[in-house]
Ligand code: G3P
């Protein structure tokens, strides 16, 4: 059973204590023009538009509740809505170019068929990546990672999720190396968080450059019943990313005790957002960054003591 589904009064004292800590932190940092203390303390991406608290609003595949996921319009709107980070998914075209797309197959979110890996970049660029959502977005194309980096540089931090479909035994010129090279080319190595459900990719990014922030995306099949802090140590990562559904009570305790940055996906309800913020998670992935921003702002208003 997940921590949040089994939450009851037994934990209310602890939650109240965490609320107090959170509220005190907010009091002193909410108006800070500098990067929040959390970004300096941990190896997390530096935010271009830090709102000053120790919590990160992450737009999951952009503002994907309102715009076609993983497209430039979804990313632009996420910035306008006040997201502090954008999560996006990468895989590789047939001719080896890192592109931004979630599914292995094209049919659900474009007018293409078959697998992404069977299409060259030129062929992918001819597809319509917006009409599945609404015909008014028919001009949306599958972006390359490079296009998104050009857009994001100086504007918003990125969580780059390397899709398992794109990870292979190839290290030289594999997706990890290519993505990291592009990130560095655009000067964003301090503004990205890499993550993957494939722990080989997680290891490789750290082997290429141990300074680049990396998160482990929890995957039961690779985790051998280890606790989050053991996984974080084993893979030498900077953060633990987990689904709301899988998050367990004892994991939250473990993560808090070991002071590990924790990001939870994908949360679109106000009630769940409030519960996670009170539980002192580091950030939430949401398809509705505007809603999360208002929940965070209300939380600060109700918990600021001065
Ligand atoms: O990276 C967080 C979340 O997006 C992971 O799940 O299925 O959207 O790749 P998924």
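Just so you know, all these numbers are worked out from the coordinates, no wet-lab data involved. Just so it is clear, the structure is predicted and the values come from calculations on it, not from any experiment. Note: ideal-geometry Cβ built from the backbone for every residue, glycine included; neighbour counts use all protein chains shown.
Here is how the numbers come out for the structure above:
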| quantity | calculated |
| --- | --- |
| GNM result for the chain, Cα springs below 10 Å: residue of 125, 220, 163 fluctuating most strongly | 220 |
| Pairwise label distance in nanometres, residue 226 with residue 172, each label 7 Å out on the Cα-Cβ vector | 2.9 nm |
| Computed P(r) (all Cα pairs; region 9-303; 10 Å bins; percent) | 6, 29, 36, 22, 7, 1 |
| Nearest 10 degrees, 0 to 90: helix 12-29 Cα axis against the chain principal axis | 70 degrees |
| By average C-beta atoms within 10 angstrom, highest first, the peptides 96-107, 50-61 | 50-61, 96-107 |
| Angle between the chain longest axis and helix 199-208 axis [Cα atoms, degrees, rounded to 10] | 90 degrees |
| Region 156-231: mean projected area of Cα convex hull, nm² | 5.3 nm² |
